[in-house]
1. Give me the pairs: first residue in segment B:54-67 and closer than 16 Å to B:S125 by Cβ, second residue open to solvent by 30 Å² or more (accessible area, probe 1.4 Å) and of a type in the set (D, E), beta-carbon distance under 6 Å, and six or more apart or on different chains, which are they?
2. What tally of residues in segment A:161-203 results from selecting those that are out of contact with any strand residue (DSSP E or B) (no Cβ under 6 Å at 6 or more places or on another chain), outside any loop (DSSP other than H, G, I, E, B) and touching a residue at least 60 places away in the same chain (Cβ under 8 Å)?
3. For segment A:185-195, indicate whether the set of residues that are farther than 30 Å from A:L318 by Cα and either of a type in the set (K, R) or crowded, with 22+ Cβ neighbours inside 10 Å (or both) is non-empty.
4. Only one of (1) open to solvent by 10 Å² or more (accessible area, probe 1.4 Å); (2) touching a residue at least 40 places away in the same chain (Cβ under 8 Å) is not met by A:S426, so which one is it?
5. Go through the residues of segment A:136-146 one by one and say whether even a single one is in contact with an Asp or Glu (Cβ under 6 Å, 6 or more places away or on another chain), under 23 Å from B:I50 (Cα atoms) and either within 9 Å of another protein chain (Cβ to nearest Cβ) or modelled with pLDDT of 95 or more (or both).
6. Only residues that are under 20 Å from A:R195 (Cβ atoms) and facing another protein chain (nearest Cβ under 7 Å): list them for segment A:125-134, please.
7. So which of A:V118, A:V83 is among the aliphatic types (A, V, I, L, M), open to solvent by 10 Å² or more (accessible area, probe 1.4 Å) and in a loop (DSSP other than H, G, I, E, B)?
8. Within segment A:175-182, does at least one residue satisfy the condition of being among the aliphatic types (A, V, I, L, M), under 24 Å from the mean Cα position of the chain (by Cα) and at pLDDT 95 or above?
Amino acid sequence: MTQTITIDPVTRIEGHSKITIHLDDEGRVKDARFHVTQFRGFEKLSQGRPFAEMPALTARTCGICPVSHLVTSAKACDELLAVRIPEAGGDLRRIMNLAQVVQSHALSFFHLSSPDLVLGMDSDPAQRHIFGVLQAYPELARDGIALRQFGQEIIALLGGKRIHPGWIVPGGVSNPLSEEDHATIMAKIPNALIRIRRTLDWYKNVFGTFDAEIRTFANFPTLFMGLVDAKGELAFYDGKIRIVDAVGRILADQLEPSRYMDYIAEAVEPDSYLKSPYYKPMGYPEGIFRVGPLARLNIISRCGTPLADQEWSEFRMLQRGAVLSSFQYHYARLIEILYAIERMEQLLNKPHILDKHVRAYARPNQFEGVGMAEAPRGTLLHHYKIDERGLITWVNMIIATGNNNLAMNKGVFQVARHFIRGKEISEGILNRVEAVIRCYDPCLSCSTHAFGQMPLSVQLVSPDGELLDEVRRG
Amino acid sequence: MSRALLIGYGNPLRGDDGVGWTAADMLAARYPELTVITRHQLTPELAETISHFARVVFVDATAVGQPGDIVAHRLDPESVTGDLYSHNCDPAGLLKMAGFLYGRAPTGHIVTITGESFGYEETLSPTVTAVLPQLCAKIEQLIA
């Protein structure tokens, strides 16, 4: 008789989900599935709205990474206008997008995942929370708070508020950067660099103690996808698509974002609201790919900033070819924070950054526009069609978390198969099944364009469908 | 009052859940020297901010009680034993974090007002609107 374990809800992630683990007659894990149980439907409710509303409207998809949606949506709208935005406007958008990367990665690493890293996967769950972290490593907790503040304060300075700023608009940004705000941001950079370098040193000292997790947390060959610039460096705001295989070989490069339908397709599974994008030339599910911090550091030729490049060189020594373990999303996240801080400083030092001309104005000149950018969790796409009045007639959004859906499912299966023995799940095993998902820092509210909080459940089900064990949290 | 911080939080797009914002805005206009913050949710970053103040007052809506009820009580950081969610912290938990991480925890109070309507609207219900003066008076006592 086969059995199924259900973890419902999954905790310390953004959104609602559950996990089911199916056992065979001998009690071995036969299959495991990650189900996203929330639905929102932004693509549908956007229809009929004026296109200029789309950045503000789609930013409401998420309270964690609204800037990513603002940026990507504005880029799609730029295409509808067919304008070339002023250089300062583009660089100010880049700065806000990087500030978003810092604050979102800090949230993921320090607030969501550090309890596992600091206290251990098998530590008492009653202590495995942020108070446990601040008691064990108060400096790490202070660094996390400071780095998240750093990112959020830049967003607030540029956009007027921390969440859902309306400053990024079709054609550019609504206001230039003031000299006072420029000085404020520049003054904060040295301290932020100290804190992220200290955190990187801490992480490099401890990750070796997670050998079993590194070996089993979604450690398998896949493709990796993301945007790179013309030199193959990190590109969060613009760039073109590069796809790399598990041995680090470039399969495709400089693919046009606007032609994404040539190389990305989306499969739909009956047990989840989250679609499963895949690399079209390899078919489904063989075209499984990963996006986000790990993928970005696997596809690039270098980061493009001095300190991040040093760290990236060390990171790439972890494995010949691509780094395959999703556990190292954590490591990659920290390097990207370092890169983002350095890159912001570079952009703020550009001579035109205080220019007053930051927005181009036009009426719609095209009926279709595609925007693509790198959100903290990976490649984000908005694709709009409008009518002659400028009203939205069709929308497609491929969300970063959705791009990782196949890999998250496969990762849950790998962890479950390695750690689960028998009909019951110990708390430590439950935490590992959740932790593999946390590596991806999924934002399920975004990826299903859904509404609500993010608890998790795990169910253990027999071959004949009997529910044997169930754990719910959140 | 310059050492006092007022934090109004809730969702101003959900009717009476935005009463913390309304009260905070009213008192900010009345007392320019008062530091006022409005938030949808309480997050760990606020621990660093509140550590710089001698007193902090949180203002929130609640669904518990009769609409219009105003309740104030002092926060006890030592009562906090459980988890803090990453972007939905507890006021007492923030005081505890401030004390532990920064060595300075202000005295803290929370003032709640029972809402009547939490629908998709940007206005307060007549019941809550009617008791806003009492709510502000209670907050003024605590930050004075």
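The values are calculated or read from the model by the stated rules, or taken from the named source; none is laboratory data. This is a predicted model, so every value here is computed, not measured. Neighbour counts run over all protein chains shown; Cβ positions are idealised from the backbone, glycine included. Side chains included, ligands, DNA and RNA excluded: accessible areas come from the protein's heavy atoms. Shrake-Rupley method; radii C 1.70, N 1.55, O 1.52, S 1.80 Å.
1. B:A61/B:D17; B:P67/B:E116
2. Start the filter on segment A:161-203 by keeping residues that are out of contact with any strand residue (DSSP E or B) (no Cβ under 6 Å at 6 or more places or on another chain), which leaves A:161-166, A:168-170, A:173-203.
Remaining after also requiring outside any loop (DSSP other than H, G, I, E, B): A:168-169, A:173, A:179-203.
Checking which are touching a residue at least 60 places away in the same chain (Cβ under 8 Å) leaves us with A:168-169, A:173, A:179, A:182, A:185-186, A:189, A:192-193, A:196-197, A:199-200, A:202-203.
Total meeting the criteria: 16.
3. Narrowing segment A:185-195 to residues farther than 30 Å from A:L318 by Cα: A:185-188.
Cutting the leftovers down to either of a type in the set (K, R) or crowded, with 22+ Cβ neighbours inside 10 Å (or both) gives us A:188.
Yes.
4. (2)
5. Within segment A:136-146 (the criterion being in contact with an Asp or Glu (Cβ under 6 Å, 6 or more places away or on another chain), under 23 Å from B:I50 (Cα atoms) and either within 9 Å of another protein chain (Cβ to nearest Cβ) or modelled with pLDDT of 95 or more (or both)), the answer is yes, since at least one residue qualifies.
6. At the first step, the residues of segment A:125-134 found to be under 20 Å from A:R195 (Cβ atoms) are A:130, A:133-134.
Hits for segment A:125-134 are A:I130, A:L134.
7. Details: A:V118 fails: in a loop (DSSP other than H, G, I, E, B).
Being among the aliphatic types (A, V, I, L, M), open to solvent by 10 Å² or more (accessible area, probe 1.4 Å) and in a loop (DSSP other than H, G, I, E, B) holds for just one of A:V118, A:V83, which is A:V83.
8. Within segment A:175-182, the subset among the aliphatic types (A, V, I, L, M) is A:177.
This time we only want the ones that are under 24 Å from the mean Cα position of the chain (by Cα), so: none.
No, the conditions are met nowhere in segment A:175-182.
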